[in-house]
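Visitor: Here you go, one structure.
The values are calculated or read from the model by the stated rules, or taken from the named source; none is laboratory data. Only a predicted model underlies this, so the values are computations on that prediction, with no experimental measurement involved. Glycine also receives a Cβ, built like all others from the backbone with ideal geometry; neighbour counts cover every protein chain displayed.
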Amino acid sequence: MNKSEIDPKIVEQIKKLEEKYEVMGQDLSSYLDGLLYSDYLTYWDYIHLDTLLSLQNPKTGMKDEMIFITYHQHTELFFKLILWEIDQIAEHENINEQFFLYRLKRINGYFKVLENSFSVMVEGMDKDQFLKFRMSLLPASGFQSAQYRLIEISSTDLINLTDPVSRKGFSEDTSIEELIDKIYWRSGATELASGKKTLTLRQFEEKYNSKFLHRAKAFKEVNLLKIYEKHFGAIANAEIIDELRAYDAYANVYWPLAHYKSAVRYLQRDPEDIAATGGTNWQKYLPPRFQKIIFFPSLWSDEERAEWGKSWVLKEVFQKQ
């Protein structure tokens, strides 16, 4: 082809672009001018690499604090992806099995990465360094991950996130405000001696409570449990049930117990356990058997619910089969 000739495919694409911008009342030639003068996109500019790598700012000179802060940032990015998928499910009109299943698999894929990568925390830090630099982080705590709380609120009916003692006294008429007030994670950030709210919890609630309440109201009828029951509960699709059970296990057994395993490694010391950063009561807060948080309780047997997380603890923490 002569260089002076324009490829017919390019001419066709230009016509389509012209139609696109005409609908919007825009002049295509102006956009082509912009394309002509703009620089080529680079990888580092696209992902804002320099900015990203500037966000790791340890508070001490302990070298392994870099592992700690980088892994937590990695975690929050994956939480963002999980919320991105949940939002797509909640907003999707005329949802079908294929779409629902595909998004669930994505969510489980993200959680699988998170759970498998936690060895970076469990095995990757020097214990003495951690016990020193953790004191510079007070009162901050991983407990304060708002994105994880939003994931929980978006996944199930709020009553399933309340502490087990209060849960029995609630009904369908219980207000969202009352349920939020008894949400299970509050018990994980109380002072061990007095039972009062820690500064960690007070800061967390002050910043995020209104956001949690808004999310709970917005997802009351479109959380993952509700969507499953409304659209797929009667179908009993085995593959969907398997993915929901896997999600429940990842979010409410494997993930909290990965933290528990880490806490046992770094914070358990005779004659008494060391409090986690922020003073959170990790001994009673992290083990799933105490909280019994299950997103999809009807998909589990009575025995499975009663022994929620037990087999994982025996195998991974106490090395028993």
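Visitor: Return the only residue of LEU28, LEU32, LEU49, LEU101 being modelled with pLDDT of 95 or more and farther than 25 Å from ILE227 by Cβ. Working first, answer last.
Guide: Numbers: LEU28 fails: modelled with pLDDT of 95 or more; LEU32 fails: modelled with pLDDT of 95 or more; LEU101 fails: farther than 25 Å from ILE227 by Cβ.
Matching residue, one of LEU28, LEU32, LEU49, LEU101: LEU49.
Visitor: If you take the residues in segment 219-242 that are in a loop (DSSP other than H, G, I, E, B) and farther than 18 Å from LYS105 by Cβ, which one is modelled with the lowest pLDDT?
Guide: Only one residue tops the list, namely ALA236.
Visitor: Any residue that is exposed (fewer than 13 other Cβ atoms within 10 Å of the Cβ) and more than 22 Å from HIS92 (Cα to Cα) - is there at least one of those in segment 210-232?
Guide: Scanning segment 210-232, I find at least one residue that is exposed (fewer than 13 other Cβ atoms within 10 Å of the Cβ) and more than 22 Å from HIS92 (Cα to Cα), so the answer is yes.
Visitor: Let me ask something else about it. Of everything in segment 121-179, what is closer than 21 Å to ARG202 by Cβ, surrounded by fewer than 16 Cβ atoms within 10 Å (Cβ to Cβ) and acidic (Asp, Glu)? Give them in sequence order.
Guide: Hits for segment 121-179 are GLU177, GLU178.
Visitor: Right, here's the next one. Within the group SER155, SER145, which residue is under 18 Å from ASP248 (Cβ atoms) and under 21 Å from the mean Cα position of the chain (by Cα)?
Guide: It is SER155.
Visitor: For PRO139, which of the numbered conditions (1) of a type outside the set (A, V, I, L, M); (2) in contact with a Gly (Cβ under 7 Å, 6 or more places away or on another chain); (3) assigned to a helix (DSSP H, G or I) fails to hold?
Guide: Among (1) of a type outside the set (A, V, I, L, M); (2) in contact with a Gly (Cβ under 7 Å, 6 or more places away or on another chain); (3) assigned to a helix (DSSP H, G or I), the lone unmet condition for PRO139 is (3).
For (1) within 26 Å of ALA236 (Cβ to Cβ); (2) in contact (Cβ under 8 Å) with a residue 40 or more places away in the chain; (3) of a type in the set (Lys, Arg), each residue gets a yes or a no:
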| site | (1), (2), (3) |
| --- | --- |
| PHE99 | yes, no, no |
| VAL122 | no, yes, no |
| SER145 | no, yes, no |
| LEU150 | no, yes, no |
| ILE153 | no, yes, no |
| THR174 | no, no, no |
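Visitor: Ok, one more. Inspect segment 181-196 for any residue being touching a residue at least 40 places away in the same chain (Cβ under 8 Å), touching a Pro at 6+ places or on another chain (Cβ under 6 Å) and surrounded by 12 or more Cβ atoms within 10 Å (Cβ to Cβ) and give the result as yes or no.
Guide: First pass over segment 181-196, keeping only residues touching a residue at least 40 places away in the same chain (Cβ under 8 Å): 184-185, 187-192.
Narrowing further to those that are touching a Pro at 6+ places or on another chain (Cβ under 6 Å): none.
Taking every residue of segment 181-196 in turn, none turns out to be touching a residue at least 40 places away in the same chain (Cβ under 8 Å), touching a Pro at 6+ places or on another chain (Cβ under 6 Å) and surrounded by 12 or more Cβ atoms within 10 Å (Cβ to Cβ).
Visitor: Filter segment 166-204 down to the residues that are assigned to a loop (DSSP other than H, G, I, E, B), of a type in the set (Asp, Glu) and more than 20 Å from LYS226 (Cα to Cα) and list them by number.
Guide: Pass one, segment 166-204, residues assigned to a loop (DSSP other than H, G, I, E, B): 168-175, 182, 191-196, 198.
If we keep only those that are of a type in the set (Asp, Glu) as well, we get 172-173, 191.
Across segment 166-204, the qualifying residue is only GLU191.
Visitor: Looking at the structure I just gave you, is GLU19 within 28 Å of TYR254 (Cβ to Cβ) and not aromatic (Phe, Trp, Tyr)? Walk me through it before giving the result.
Guide: Numbers: within 28 Å of TYR254 (Cβ to Cβ): no; not aromatic (Phe, Trp, Tyr): yes.
Judged against the criteria, GLU19 is not a match.
Visitor: Let me ask something additional. Counting just the residues of segment 88-120 that are surrounded by 16 or more Cβ atoms within 10 Å (Cβ to Cβ) and over 30 Å from LYS261 (Cβ atoms), which one comes out farthest from the chain's Cα centre (by Cα)?
Guide: ILE95
Visitor: With part of a helix (DSSP H, G or I), among the aliphatic types (A, V, I, L, M), at pLDDT 65 or above and surrounded by fewer than 19 Cβ atoms within 10 Å (Cβ to Cβ) as the only criterion, which of ALA258, ALA246, ALA251 stands out?
Guide: ALA246
Visitor: Can you name every residue in segment 47-86 that is surrounded by 14 or more Cβ atoms within 10 Å (Cβ to Cβ), assigned to a helix (DSSP H, G or I) and β-branched (Val, Ile, Thr)?
Guide: Matches in segment 47-86: ILE67, ILE69, THR70, THR75, ILE82, ILE86.
Visitor: Here's another thing I want to ask about it. Do we have ALA146 as of a type outside the set (Ser, Thr, Tyr) and touching a Gly at 6+ places or on another chain (Cβ under 8 Å) here?
Guide: no
Visitor: So which residues in segment 88-107 are among the acidic types (Asp, Glu) and in contact with a helix residue (DSSP H, G or I) (Cβ under 8 Å, 6 or more places away or on another chain), if there are any at all? If you could, list the steps in order and put the result at the bottom.
Guide: Kept after step one, since they are among the acidic types (Asp, Glu), are these residues of segment 88-107: 91, 93, 97.
Across segment 88-107, the qualifying residue is only GLU97.
Visitor: Enumerate the pairs (first residue in segment 37-54 and under 15 Å from HIS74 (Cα atoms); second residue anywhere and of a type in the set (Phe, Trp, Tyr)) with beta-carbon separation below 9 Å, excluding pairs fewer than 6 apart on the same chain, so at least 6 apart or on different chains.
Guide: These pairs meet every condition: LEU49/TYR43.
Visitor: Now for a different question. Could you go through segment 26-34 and let me know if any residue there is of a type in the set (Ser, Thr, Tyr), assigned to a loop (DSSP other than H, G, I, E, B) and over 20 Å from PRO256 (Cα atoms).
Guide: No, segment 26-34 contains no residue that is of a type in the set (Ser, Thr, Tyr), assigned to a loop (DSSP other than H, G, I, E, B) and over 20 Å from PRO256 (Cα atoms).
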